[in-house]
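Enquirer: Have a look at this one before I ask anything.
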Amino acid sequence: MKQPVITILLLALTGLCFQNGDDQQKDKGSFYATVDGKMFKLRDDQLFRGILVSKSASMDGRTPSRTVISANFNGATYDKPDKTPFNESVSFEMSYEDSKTGAPDIFSFALQYNSTDYSMVKESSKVKITQFAWEPDHKHFRLSADFDCQMRSWGYPSDNKKDVNLKGHMTNIRITVPSWIAAKK
């Protein structure tokens, strides 16, 4: 009688300790982007996550305080021609509106690529949130979005760098809600 009970307990514990590949894949996010049609290669150790951040109001009063979704996706690291280190990355911030899909009210993308820093040209850029789903603990949510942004170098026009197009999508990115922000909600 003890043998079947022990076997059943061991099988139950084994099932709780290990997830199958489908469960792990379901929880894993993804990020895909191209710069002028060339794939932006992410680091192998890239984590697909972001965080809610509380931004202070500007000192001149033109920009109110707000909560934004912030994430950074890292690419290659190398030395620029002048031997200074350079990290390629795509960063974004967008206004947080609980469970809202579609175009966010405020968004910004930054790109570090090919030894150059770029910022977004607002009039020629768009973002669409395609999924916003809370996790059961309400300490995280999953975000999916498509983006198509015209990016301009920080040294424009004196650096003679042309604008580039950053286009892609992110799927199932896990966004952490810090407890001090959750308390305000």
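Enquirer: Identify the single condition in (1) among the aromatic types (F, W, Y); (2) modelled with pLDDT under 95; (3) buried (at least 18 other Cβ atoms within 10 Å of the Cβ); (4) under 30 Å from P81 (Cβ atoms) that Y96 does not satisfy, given that it satisfies every other one.
Expert: Failing condition for Y96: (4).
Enquirer: From the residues in region 100-123 that are open to solvent by 60 Å² or more (accessible area, probe 1.4 Å) and outside any strand (DSSP E or B), which one is farthest from I181 (Cα to Cα)?
Expert: The extreme case among them is N114.
Enquirer: Could you list, in sequence order, all residues of region 27-59 that are open to solvent by less than 70 Å² (accessible area, probe 1.4 Å), of a type in the set (S, T, Y) and over 14 Å from L143 (Cβ atoms)?
Expert: T34, S54, S58
Enquirer: Related question: If we scan region 111-132, do we find a residue that is hydrophobic (A, V, I, L, M, F, W, C) and in contact with a helix residue (DSSP H, G or I) (Cβ under 9 Å, 6 or more places away or on another chain)?
Expert: The answer is no, given that none of the residues of region 111-132 is hydrophobic (A, V, I, L, M, F, W, C) and in contact with a helix residue (DSSP H, G or I) (Cβ under 9 Å, 6 or more places away or on another chain).
Enquirer: Would it be correct to say that R62 is free of Cβ contacts under 8 Å to residues at least 24 places away in the same chain and open to solvent by 70 Å² or more (accessible area, probe 1.4 Å)?
Expert: Yes; evaluated as a whole, the condition is true for this residue.
Enquirer: Can I ask one more? Any residue in region 67-74 that is at pLDDT below 95 and open to solvent by 60 Å² or more (accessible area, probe 1.4 Å)?
Expert: no
Enquirer: Still on this structure: Just the residues that are touching a residue at least 12 places away in the same chain (Cβ under 8 Å) and part of a loop (DSSP other than H, G, I, E, B), please, taken from region 74-99.
Expert: Once the filter is applied, which keeps residues that are touching a residue at least 12 places away in the same chain (Cβ under 8 Å) and part of a loop (DSSP other than H, G, I, E, B), region 74-99 yields K80, P81, Y96, D98, S99.
Enquirer: Please tell me if S91 is under 21 Å from F31 (Cα atoms), touching an Asp or Glu at 6+ places or on another chain (Cβ under 7 Å), polar (S, T, N, Q) and open to solvent by less than 60 Å² (accessible area, probe 1.4 Å).
Expert: It is false that S91 is under 21 Å from F31 (Cα atoms), touching an Asp or Glu at 6+ places or on another chain (Cβ under 7 Å), polar (S, T, N, Q) and open to solvent by less than 60 Å² (accessible area, probe 1.4 Å).
Enquirer: All but one of (1) modelled with pLDDT of 95 or more; (2) over 16 Å from the mean Cα position of the chain (by Cα); (3) small (G, A, S); (4) closer than 22 Å to I51 by Cα hold for S125, so report the exception by its number.
Expert: (4)
Enquirer: Which of (1) open to solvent by less than 30 Å² (accessible area, probe 1.4 Å); (2) within 23 Å of G29 (Cα to Cα) is the odd one out, the single condition D137 does not satisfy?
Expert: For D137, the exception is condition (1).
The values are calculated or read from the model by the stated rules, or taken from the named source; none is laboratory data. All figures in this text were calculated on a predicted structure; none of them were measured in a lab. Every residue, glycine as well, gets a Cβ built from its backbone with ideal geometry; the counts of neighbours run over all protein chains shown. We work out accessible area using only protein heavy atoms, side chains counted, and drop any ligands, DNA or RNA first. Shrake-Rupley method; radii C 1.70, N 1.55, O 1.52, S 1.80 Å.
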